[in-house]
1. So for the stretch 8-25 (the condition being assigned to a helix (DSSP H, G or I), on the phi < 0 side of the Ramachandran plot and in contact (Cβ under 8 Å) with a residue 24 or more places away in the chain), does at least one residue qualify?
2. Can you tell which of ALA83, ALA58 is touching a residue at least 40 places away in the same chain (Cβ under 8 Å) and of a type outside the set (Phe, Trp, Tyr)?
3. Restricting attention to the stretch 33-46, does a residue exist that is part of a helix (DSSP H, G or I) and either over 16 Å from the mean Cα position of the chain (by Cα) or in contact (Cβ under 8 Å) with a residue 60 or more places away in the chain (or both)?
4. Starting from the stretch 67-78, keep only residues that are within 12 Å of ALA49 (Cα to Cα), then list their pairs with residues that are of a type in the set (Gly, Ala, Ser) and surrounded by fewer than 17 Cβ atoms within 10 Å (Cβ to Cβ) whose Cβ atoms are within a distance under 7 Å, requiring at least 6 positions of separation or different chains.
5. Considering the stretch 66-92 alone, what residues qualify as being in a loop (DSSP other than H, G, I, E, B) and closer than 11 Å to LEU34 by Cβ?
6. Go through the stretch 38-60 and report how many residues are exposed (fewer than 15 other Cβ atoms within 10 Å of the Cβ) and either over 16 Å from ASP82 (Cβ atoms) or out of contact with any helix residue (DSSP H, G or I) (no Cβ under 7 Å at 6 or more places or on another chain) (or both).
7. Take the residues of the stretch 70-82 that are under 22 Å from LYS40 (Cα atoms) and either of a type outside the set (Asp, Glu) or within 11 Å of the chain's Cα centre (by Cα) (or both): which is surrounded by the most Cβ atoms within 10 Å (Cβ to Cβ)?
8. Inspect all residues belonging to the stretch 56-65 and state whether any of them is of a type in the set (Asp, Glu), out of contact with any strand residue (DSSP E or B) (no Cβ under 7 Å at 6 or more places or on another chain) and assigned to a helix (DSSP H, G or I).
Amino acid sequence: MKNYRQFKNRLLKNPKVKKAYEELRPEFEVVTLLLEARLKKHLTQGEVAKKAGTKQSAISRFESGTYNPSLSFLYKVADALDAELKVSVKNR
């Protein structure tokens with residue numbers, strides 16, 4: 001594949017892949033937003049972990065998508081980044 005977008009678009013043509021991707025979209029968005037906040041503040045994973053009262057490995061697992069965090073963890077990470085985490089529920 002020429003680039004990531006082309007590869008992603010090709011995969012998303014498969015209905016099963018597209019359904020799984022859509023189901024995971026909220027998790028991807030939270031990870032992306034918090035990762036971008038960390039990078040914008042020029043903080044290392046270790047620095048965020050120390051501020052959040054956790055280990056660097058937990059931040060790494062979270063950012064790589066291999067960790068299913070609790071809301072408590074997300075709030076601690078957001079607070080460590082001087083960010084506000086908002087959770088909402090909408091009717092479909």
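None of the figures in this text is laboratory data; all of them are computed from the coordinates on show. Being a predicted model, the structure only gives us computed values, none of them experimental. Glycine also receives a Cβ, built like all others from the backbone with ideal geometry; neighbour counts cover every protein chain displayed.
1. Taking the stretch 8-25 as the starting set, the residues that turn out to be assigned to a helix (DSSP H, G or I) are 8-11, 15-25.
Narrowing further to those that are on the phi < 0 side of the Ramachandran plot: 8-11, 15-25.
Imposing the further condition that a residue be in contact (Cβ under 8 Å) with a residue 24 or more places away in the chain reduces the set to none.
No - not one qualifying residue is present in the stretch 8-25.
2. On the way: ALA58 fails: touching a residue at least 40 places away in the same chain (Cβ under 8 Å).
Going through ALA83, ALA58 in turn, just one is touching a residue at least 40 places away in the same chain (Cβ under 8 Å) and of a type outside the set (Phe, Trp, Tyr): ALA83.
3. Within the stretch 33-46, the subset part of a helix (DSSP H, G or I) is 33-40, 45-46.
Add one more test, that the residue is either over 16 Å from the mean Cα position of the chain (by Cα) or in contact (Cβ under 8 Å) with a residue 60 or more places away in the chain (or both), and what stays is 46.
Yes, the stretch 33-46 contains at least one residue that is part of a helix (DSSP H, G or I) and either over 16 Å from the mean Cα position of the chain (by Cα) or in contact (Cβ under 8 Å) with a residue 60 or more places away in the chain (or both).
4. Final answer for the pair search is LYS76/GLY53.
5. Initially, the stretch 66-92 is screened for residues in a loop (DSSP other than H, G, I, E, B), giving 66-70, 81-92.
Hits for the stretch 66-92 are PRO69, LEU81, ALA83, LEU85.
6. From the stretch 38-60, those exposed (fewer than 15 other Cβ atoms within 10 Å of the Cβ) are 39-42, 44, 46, 53, 55-57, 60; that's our starting set.
Filter again for either over 16 Å from ASP82 (Cβ atoms) or out of contact with any helix residue (DSSP H, G or I) (no Cβ under 7 Å at 6 or more places or on another chain) (or both), leaving 39-42, 44, 46, 55-57, 60.
Adding up the residues that qualify gives 10.
7. Across the stretch 70-82, the extreme among qualifying residues is VAL77.
8. So in the stretch 56-65, the residues of a type in the set (Asp, Glu) come out as 63.
Still in the running and out of contact with any strand residue (DSSP E or B) (no Cβ under 7 Å at 6 or more places or on another chain): 63.
Now drop any that are not assigned to a helix (DSSP H, G or I), which leaves 63.
Yes, there is a match, as at least one residue in the stretch 56-65 is of a type in the set (Asp, Glu), out of contact with any strand residue (DSSP E or B) (no Cβ under 7 Å at 6 or more places or on another chain) and assigned to a helix (DSSP H, G or I).
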